[in-house]
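The values are calculated or read from the model by the stated rules, or taken from the named source; none is laboratory data. Just so you know, these numbers come straight off a predicted model, no measurement behind them. So basically every Cβ, Gly included, is an ideal-geometry build from the backbone, and we count neighbours across all protein chains shown.
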């Protein structure tokens with residue numbers, strides 16, 4: 001009976017004993033085998049037994065298994081306990097990579113522990129590791145959610161200076177953040193930046209703020225920025241750089257809900273939903289790339305989404 005079957009069947013003790021027997025004959029288990037065992041323990045949330053397993057075989061997890069463990073730790077117990085567990089893994093010889101720290105940063109941002117997120121960033125940089133764009137996206141989102149929008153550009157500039165290429169998600173986050181903070185001049189600047197990088201086409205006749213709303217998923221006709229000319233009851237929400245009183249003519253609850261969702265969603269990306277979206281659009285290559293990213297970031301692949309992906313792949317006609 002294969003170790004893979006035992007792990008998927010939840011029979012981890014049997015799989016563990018088989019590994020120990022193999023090692024008694026000086027047969028070193030492959031990383032894939034150890035990953036399957038680690039995955040099984042993560043599913044059971046039995047991290048004490050997992051740690052004792054690594055100690056018994058005098059082995060440390062590779063980065064794929066380690067990142068799966070850290071993602072599971074953060075999602076189940078939070079970053080506080082996850083950090084302690086990371087130290088235990090490092091004591092066994094685990095060498096965290098930029099994704100490991102990215103996992104800690106993303107979950108810290110979700111937990112509104114921005115100070116901790118920057119501590120993990122400093123630790124990452126001290127080890128000469130290059131942050132992933134998802135890590136910078138999470139940090140940018142977190143400063144917006146913490147009402148510190150003025151620092152978003154600083155993080156973006158550092159991202160570019162360190163050679164991490166911002167993607168469409170990065171600019172969408174910036175737009176959502178500036179629109180949430182009512183910094184619409186900044187939002188317009190981001191639209192021009194996106195156009196200059198070839199990410200969007202911006203017509204000279206098209207209002208850049210309307211373009212920003214479209215990118216964020218709004219109907220530009222249902223979100224209007226208006227000047228408050230009422231001398232009686234004031235509708236002013238904020239002021240522009242010239243001191244004009246302005247307000248948003250829209251469903252403010254829906255507006256806030258939308259921009260907040262965009263900011264929060266990128267802190268710990270939902271790869272399963274992203275993969276399903278790509279499948280729905282017929283972009284199987286993009287979906288398969290997301291599966292690879294999911295494994296690297298230690299996320300759990302939901303069986304339903306995997307079956308949907310398999311169904312799409314099997315429907316591709318063969319070409320000769």
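Observations
- So residue 105, is it without any contact (Cβ under 8 Å) to a residue 40 or more places away in the chain, closer than 21 Å to residue 265 by Cβ and assigned by TED's automatic domain parsing to the domain that holds residue 145: yes
- Positions within the stretch 280-290 being in a helix (DSSP H, G or I) and at pLDDT below 85, in sequence order: 280, 284, 285, 286, 287, 288
- Residue match in the stretch 176-189 (condition: touching a helix residue (DSSP H, G or I) at 6+ places or on another chain (Cβ under 8 Å), farther than 22 Å from residue 250 by Cβ and surrounded by fewer than 22 Cβ atoms within 10 Å (Cβ to Cβ)): no
- Residue in the stretch 255-273 that is surrounded by the most Cβ atoms within 10 Å (Cβ to Cβ), counting only those that are over 16 Å from residue 225 (Cβ atoms) and out of contact with any helix residue (DSSP H, G or I) (no Cβ under 6 Å at 6 or more places or on another chain): 269
- Considering the stretch 131-198, the qualifying helices (runs of 4 or more DSSP H), each wholly inside and each with 1 or more residues that are within 19 Å of the chain's Cα centre (by Cα) and at negative phi, run over 133-145, 152-161, 168-180.
- Selection status of residue 114, touching a residue at least 24 places away in the same chain (Cβ under 8 Å), surrounded by fewer than 24 Cβ atoms within 10 Å (Cβ to Cβ), in the same structural domain as residue 134 (by TED's automatic domain parsing) and within 18 Å of the chain's Cα centre (by Cα): yes
- Residue 211 being in a helix (DSSP H, G or I) and buried (at least 21 other Cβ atoms within 10 Å of the Cβ): yes
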